[in-house]
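What follows is one structure encoded as structure tokens, with my remarks underneath.
The values are calculated or read from the model by the stated rules, or taken from the named source; none is laboratory data. Quick caveat: nothing in here was measured; it's all calculated off a predicted structure. Note that we place each Cβ from the backbone using ideal geometry, even for glycine, and neighbour counts take in every protein chain shown. With ligands, DNA and RNA removed, areas are computed over all heavy atoms of the protein, side chains included. Shrake-Rupley method; radii C 1.70, N 1.55, O 1.52, S 1.80 Å.
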Amino acid sequence: MNDTHNDTPNETDESLERELPPLVTMGDPELARPSPPVDVARLGTAEFLELVGLLRECMAAYQGVAIAAPQIGWFERLFVMTEPAVDESGEETMRLVNWVNPEIFWRSGEQNWSWEGCLSVPDLRGWLRRPAAVSVRGLDEHGQTMSREFTGWNARVFQHEFDHLDGVLFPYRVQDPRHLVTLEAMAGREDWPQDWPAPGARDTPVGQVMDE
């Protein structure tokens, strides 16, 4: 997922010196197909951890707040996202979490709206409605079970990345084609009519949600 409001943990400059795979973008048929699960026997192996490290490097290099493996041509069910945490001093911070074979087992009936962008859909943003909260589970890169309840923006990021594993990009989910706009148009949205492209869209900051 592409966004600019979060301070994403960065990999070291040294790690970014190696050649990284290019982003797979909308229009590639593989990106629009569901990816198979990761074989859990591979979790924690040197080969798998190396691939996870590469995915995280790509996220930093391409300046995303999250990235799914299919976006760099690794077609398995894995993504990396930032999520809130508390450090040893009790201060709120952000951390990178690797989600392997994730599942969404509950979605709230309440929904919200927000602008979304994507590293694989350059130069576009979309005004989308999604469930406001989700309960999720999956594995980390070592095979340890994880579960979370996400609300608001974090729920949206998880759902966006989860969609990638099913071959779904955010433009496929817009309720109205007029809800897709270019970044150039977004730059001048203070001049949009109040209800363009939908009520509340003009005044909702990127990286925040608008409750229904």
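Does region 39-62 hold any residues that are outside any helix (DSSP H, G or I) and more than 21 Å from Val168 (Cα to Cα), and which are they?
Scanning region 39-62 gives Asp39, Leu43, Gly44, Thr45.
Can you tell me which residues in region 145-156 are buried (at least 18 other Cβ atoms within 10 Å of the Cβ) and of a type in the set (A, V, I, L, M)?
Listed by number, the list holds a single entry, Ala155.
Filter region 100-137 down to the residues that are out of contact with any helix residue (DSSP H, G or I) (no Cβ under 9 Å at 6 or more places or on another chain) and surrounded by fewer than 21 Cβ atoms within 10 Å (Cβ to Cβ) and list them by number. Let's see the steps before the verdict.
First, the residues of region 100-137 that are out of contact with any helix residue (DSSP H, G or I) (no Cβ under 9 Å at 6 or more places or on another chain): 105-106, 109-111, 113, 135, 137.
Once the filter is applied, which keeps residues that are out of contact with any helix residue (DSSP H, G or I) (no Cβ under 9 Å at 6 or more places or on another chain) and surrounded by fewer than 21 Cβ atoms within 10 Å (Cβ to Cβ), region 100-137 yields Phe105, Trp106, Gly109, Glu110, Gln111, Ser135, Arg137.
When you check Glu88 against the structure, is it acidic (Asp, Glu), assigned to a helix (DSSP H, G or I) and over 17 Å from Phe162 (Cβ atoms), yes or no?
So Glu88 fails the test.
Which numbered condition in (1) surrounded by 18 or more Cβ atoms within 10 Å (Cβ to Cβ); (2) β-branched (Val, Ile, Thr); (3) touching a residue at least 60 places away in the same chain (Cβ under 8 Å) is the only one that Ile72 fails?
With respect to (1) surrounded by 18 or more Cβ atoms within 10 Å (Cβ to Cβ); (2) β-branched (Val, Ile, Thr); (3) touching a residue at least 60 places away in the same chain (Cβ under 8 Å), Ile72 is out only on (3).
Kindly indicate the residue of region 132-151 that is touching a Ser or Thr at 6+ places or on another chain (Cβ under 9 Å) and among the small types (Gly, Ala, Ser) and also nearest to Ile67 (Cα to Cα) among those meeting that condition.
Gly138
Count, please, the residues in region 157-212 that happen to be closer than 18 Å to Gln111 by Cα, among the aliphatic types (A, V, I, L, M) and either in contact with a helix residue (DSSP H, G or I) (Cβ under 8 Å, 6 or more places away or on another chain) or open to solvent by 10 Å² or more (accessible area, probe 1.4 Å) (or both).
6
Go through (1) closer than 21 Å to Met146 by Cβ; (2) in contact with a Cys (Cβ under 6 Å, 6 or more places away or on another chain) for Val80 and report which single condition fails.
Going through (1) closer than 21 Å to Met146 by Cβ; (2) in contact with a Cys (Cβ under 6 Å, 6 or more places away or on another chain) one by one, Val80 breaks only (2).
Checking Ala32 against (1) of a type in the set (A, V, I, L, M); (2) exposed (fewer than 14 other Cβ atoms within 10 Å of the Cβ); (3) touching a residue at least 24 places away in the same chain (Cβ under 8 Å), which single condition isn't satisfied?
(2)
Being open to solvent by less than 20 Å² (accessible area, probe 1.4 Å), of a type in the set (Phe, Trp, Tyr), more than 18 Å from the chain's Cα centre (by Cα) and at pLDDT 95 or above narrows it down to one residue among Phe79, Phe48; which is it?
Phe48 is the lone residue from the list that is open to solvent by less than 20 Å² (accessible area, probe 1.4 Å), of a type in the set (Phe, Trp, Tyr), more than 18 Å from the chain's Cα centre (by Cα) and at pLDDT 95 or above.
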